[in-house]
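The structure appears below as structure tokens.
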Amino acid sequence: MKRYSYFIISLLVIILFSACEEDEGGTAPTVSGALSIEFDNYVGTQPMQLDPEGSTDYRYTTGAGQEFNLSTFRYYISNIKLEGPDGASFEDEMNASANADEVQGYYLVQEGDPDSYFIDLDEVPVGQYNKMTFTLGIAEEGVQEGAAGGILDPAEGAWFWTWNSGYISLGMEGTAADSPQERVERDGLVTEANTFQLHVGGWKELEGNDNMVNNIRTITLDFGDVVTVGQDVKPKVHLVFDMLKILDGAAIDFSQTFQVHAPRAAVPMADEIPGAFTVDHVHQ
Amino acid sequence: MDITYRFEKPANFPEPTYTFENNPVTPEGFRLGRRLFFDPLLSRDGSVSCSNCHQQGLAFADGPQHPFSVGVDNQLGIRNAPPLANLAFKREFFWDGGVTHLDFVPTNAIENELEMDESLANVVDKLNQHPEYPALFKQAFGVDTITSPYMLHAFSQFMVMMISANSKYDKYVRNEGETLTDEELKGMRLFEEKCGACHSGELFSDFSFRNNGISTTFSDEGRARITEHPSDIGKFRVPSLRNIARTAPYMHNARLKTLEEVLAHYASGVQESSTLDPLLNDGAQLGILMTDEEQAQIITFLETLTDYEFIADERFQNTQ
């Protein structure tokens, strides 16, 4: 297998180099293909499934033995970059525009909306790739462009903190047997008993503000294999995001931690985000 | 070409921070922002508009009779509404600096339970169902459906044009034929010496966050509400002093009613706490050493920062 790959790579290198020689003197147009990334959310070994808000049907158990379920699970992905062993590279174009149709490079993965699990990258230069980097959350450049549309529009479902302006990177909500949350009703809005709302946000790292908490995390993943993007071949990278690694890694005890709505309390969870992603497999 | 609604940086001002490349000012966008500014439709029950707490005659501050903002159902807010001017030049907004871009400022007032108590989504729905707004958004932005970023862009187009740079002081420093009296000049020199470390530059603020000794305990933690750090408890943004003579009462908690009280506070009223600004505590004495006469001279200078053209500018008036 290895020897076969080596042969293919050599062949490709020869072809690429020959192509370069032919294009000498002119600007070679970049030939583009596509690559698809699937985000597959898990809770430990169980594929993630949502329950209605307030449900006491507990599907999952933390490492510490606390039962819980999930009613909402969502996160933003941005700044996707691909790299290859031979120097191929791709950076997703970013645009936080007021015009929803022009928003680019920002993605909302929302459990329960299967369309949101797939990010299709077009315009990836043809070549070989074995590594990807992305950001979980919306970093400074996305916030500081000002009001944006589409998945970044708070009136259309973006999760945005108004008093400490910025997007919630990762939202986890559900019910936990140990959560002491009482049922609250205000103007028709109900927070059910025993629920939890864990919101990871905070992006600021501004000059002269050393005390700010930045919970934006960058994730770098090796494919463990090499995929080829060609004009007619669209490889798929299948990622698994295990949310239990966040709860267990941050030692979340629902009897103590059931409402998180500010950056500092979310730091332990943010720190577990990079380790919660793995490349399950790649399809050529 | 009509330059009535063109953003122009005053010669003595720093570079603006606003992202004009994403939202250039147009006459249609500015007028739309103005209409929204005066429209109580933004609030849950249609009772509160931005102009309730930001009145032009007071340099867009709230009236002295409202030390704290009054929101829907006559609820009292927690802080004194700040004046609005020169917003295109600021990095952070509100007393705690929690908002880092002008576009997001109105959202804070709209969604705050003690202010307008309305959701951004509901405001957008109300605008889309309104007999006139959809056409105005179409004219300003070419959109068939109103979405929140365009509404916020309209607000920003109105707010970035709120430039206050034509006070007596400005005309003096720009050599436009204005002179300051001897008392005003003495006051200016004293101001630079006694106050200039924090109220620096042409906007009269370094935009840092400091505890100025207004209290020893802080139920409103100020900057620490954003940083969640104990060393920021009791710190609030150093405010710009432009139009300061029009914007009483003073400080985040509106505790000081007049400029005389403000100067007296710095001279002899500073209270100690663990986060008190070092500039107000030299180890031997709290506050800033100033005689009564010096305080009066500084106030005389501060009065030259009132921009009468700004507070009477017809472009900012509700012309519907």
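The values are calculated or read from the model by the stated rules, or taken from the named source; none is laboratory data. Keep in mind it's a predicted model, so treat the numbers as computed, not measured. We place every Cβ from the backbone using ideal geometry, glycine too, and count neighbours over all the protein chains shown.
So the values come out like this:
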item: Breaking point among (1) part of a helix (DSSP H, G or I); (2) surrounded by fewer than 18 Cβ atoms within 10 Å (Cβ to Cβ); (3) within 11 Å of another protein chain (Cβ to nearest Cβ), for B:Ser51; result: (3)
item: First in segment A:230-244 and closer than 13 Å to A:Leu35 by Cβ, second anywhere and assigned to a loop (DSSP other than H, G, I, E, B), Cβ under 6 Å, 6 or more apart; result: A:Gly230/A:Val126; A:Pro235/A:Gln284
item: Total residues in segment B:87-146, condition more than 10 Å from every other protein chain (Cβ to nearest Cβ) and part of a loop (DSSP other than H, G, I, E, B); result: 10
item: Lone unmet requirement of (1) within 14 Å of another protein chain (Cβ to nearest Cβ); (2) free of Cβ contacts under 8 Å to residues at least 12 places away in the same chain for B:Asp39; result: (1)
item: Any hit, segment B:23-43, residues being surrounded by 18 or more Cβ atoms within 10 Å (Cβ to Cβ), of a type in the set (Phe, Trp, Tyr), touching a Lys or Arg at 6+ places or on another chain (Cβ under 9 Å) and not in a loop (DSSP other than H, G, I, E, B); result: yes
item: Subset of segment A:114-169 that is away from chain B (no Cβ under 14 Å) and part of a loop (DSSP other than H, G, I, E, B) - its residue that is farthest from A:Gly87 (Cα to Cα); result: A:Gly137
item: Any hit, segment A:183-195, residues being of a type in the set (S, T, N, Q), closer than 30 Å to A:Gln104 by Cα and at pLDDT 95 or above; result: no
item: Options B:Gln271, B:Gln295: the member that is among the polar types (S, T, N, Q), surrounded by 16 or more Cβ atoms within 10 Å (Cβ to Cβ) and within 20 Å of B:Thr217 (Cα to Cα); result: B:Gln271
item: Candidate set: segment A:272-284, residues that are of a type in the set (A, V, I, L, M, F, W, C) and outside any helix (DSSP H, G or I); chosen: the one nearest to the other protein chains (Cβ to nearest Cβ); result: A:Phe277
item: Checking B:Phe209 against (1) free of Cβ contacts under 8 Å to residues at least 12 places away in the same chain; (2) of a type outside the set (Val, Ile, Thr); (3) within 12 Å of another protein chain (Cβ to nearest Cβ); (4) within 30 Å of B:Gly234 (Cβ to Cβ), the condition it does not meet; result: (1)
item: Helices (runs of 4 or more DSSP H) contained entirely in segment B:201-314, each with at least 1 residues that are in contact with a helix residue (DSSP H, G or I) (Cβ under 7 Å, 6 or more places away or on another chain) and within 28 Å of B:Gln55 (Cα to Cα); result: B:259-264, B:292-302, B:308-312
item: Single residue of segment B:203-241 satisfying the filter (of a type in the set (Val, Ile, Thr) and crowded, with 19+ Cβ neighbours inside 10 Å) that is nearest to the chain's Cα centre (by Cα); result: B:Val238
item: B:Glu21 within 14 Å of chain A (Cβ to nearest Cβ) and out of contact with any strand residue (DSSP E or B) (no Cβ under 9 Å at 6 or more places or on another chain); result: yes
item: Whichever residue in segment B:61-76 is touching a helix residue (DSSP H, G or I) at 6+ places or on another chain (Cβ under 8 Å) and within 16 Å of B:Asn108 (Cβ to Cβ) and, among such residues, is surrounded by the most Cβ atoms within 10 Å (Cβ to Cβ); result: B:Asp62
item: Lone qualifier among B:Glu221, B:Glu294, B:Glu228 - being away from chain A (no Cβ under 14 Å) and of a type in the set (D, E, K, R); result: B:Glu294
item: Residues located in segment A:255-271, provided they are away from chain B (no Cβ under 14 Å) and assigned to a loop (DSSP other than H, G, I, E, B); result: A:Ser255, A:Gln256, A:Thr257, A:Phe258
item: Pairs with Cβ under 6 Å, 6+ apart, first in segment A:267-284 and surrounded by 19 or more Cβ atoms within 10 Å (Cβ to Cβ), second part of a helix (DSSP H, G or I); result: A:Met269/A:Ile246; A:Glu272/A:Lys245; A:Glu272/A:Ile246; A:Glu272/A:Gly249; A:Ala276/A:Lys245; A:Ala276/A:Ile246
item: Qualifying positions in segment A:69-103 - in contact with a helix residue (DSSP H, G or I) (Cβ under 6 Å, 6 or more places away or on another chain) and part of a helix (DSSP H, G or I); result: A:Ala100
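Residue-by-condition table, conditions (1) among the β-branched types (Val, Ile, Thr); (2) away from chain B (no Cβ under 14 Å):
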{"position": "A:Thr175", "(1), (2)": "yes, yes"}
{"position": "A:Lys204", "(1), (2)": "no, no"}
{"position": "A:Val213", "(1), (2)": "yes, no"}
{"position": "A:Asp232", "(1), (2)": "no, yes"}
{"position": "A:Asp253", "(1), (2)": "no, yes"}
